[in-house]
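Q: First, the structure itself, so that you have it in front of you.
The values are calculated or read from the model by the stated rules, or taken from the named source; none is laboratory data. Fair warning: this is a prediction, and the values are worked out from it, not measured in the lab. Cβ placement follows ideal geometry from the backbone for every residue including glycine, while neighbour counts extend to all protein chains displayed.
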Amino acid sequence: MKCDFCSSENAKYWYDAPGFDVYTVILRQGETIGRSAGSWFACEHCAELIDKGDRDGLVDWAIDAGLRRRVFKEETIPVVKFVMTIIHERFFEMKRGDKNPVNN
Ligand SMILES: [Zn+2]
């Protein structure tokens, strides 16, 4: 299972958070073109940052991971960081309860 934060292939946990319109949040458009499904998968490292409430650390880690995997280019970091911060803020707002282990 893929980590929804840093995209590593090794998600160990999931968090329950009611679905929300990701792209509506970002673009502030009336129509929904993307939606968070309601559960967020996290690898060991991201779960640790989430549980500590280290939001900056989580964004920085996800950006470093994205750069390593060439998901986006260096020059787009400011935009990626901006968007990612908004999405993560929503996640922290919506998150219900503690992490749950992924059953493999
Ligand atoms: Zn992760």
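Q: So MET84 passes all but one of these: (1) touching a helix residue (DSSP H, G or I) at 6+ places or on another chain (Cβ under 7 Å); (2) loosely packed, with under 13 Cβ neighbours inside 10 Å. Which condition number does it fail?
A: (2)
Q: Run down GLU75, GLU9, GLU44, GLU31 and say which single residue is among the acidic types (Asp, Glu) and at pLDDT 95 or above. Show your work before the answer.
A: Values: GLU75 fails: at pLDDT 95 or above; GLU9 fails: at pLDDT 95 or above; GLU31 fails: at pLDDT 95 or above.
GLU44 is the lone residue from the list that is among the acidic types (Asp, Glu) and at pLDDT 95 or above.
Q: Further question: Pull up segment 70-81, narrow it to residues that are of a type in the set (D, E, K, R) and farther than 17 Å from SER8 by Cβ, then point me to the one that is surrounded by the most Cβ atoms within 10 Å (Cβ to Cβ). Please lay out each step first, then the result.
A: So the first thing to find is which residues in segment 70-81 are of a type in the set (D, E, K, R), and the list is 70, 73-75, 81.
This time we only want the ones that are farther than 17 Å from SER8 by Cβ, so: 73-75, 81.
Working: LYS73: 10, GLU74: 6, GLU75: 7, LYS81: 14.
The selected residue is LYS81.
Q: Picking from ILE50, ILE63, ILE26, which residue would you name as being at pLDDT 90 or above, within 14 Å of the chain's Cα centre (by Cα) and within 18 Å of MET94 (Cβ to Cβ)?
A: Values: ILE63 fails: within 18 Å of MET94 (Cβ to Cβ); ILE26 fails: at pLDDT 90 or above.
Testing whether each residue is at pLDDT 90 or above, within 14 Å of the chain's Cα centre (by Cα) and within 18 Å of MET94 (Cβ to Cβ) leaves just ILE50.
Q: Is it true that some residue in segment 73-88 is under 17 Å from CYS3 (Cβ atoms) and without any contact (Cβ under 8 Å) to a residue 12 or more places away in the chain?
A: No, segment 73-88 has no match at all.
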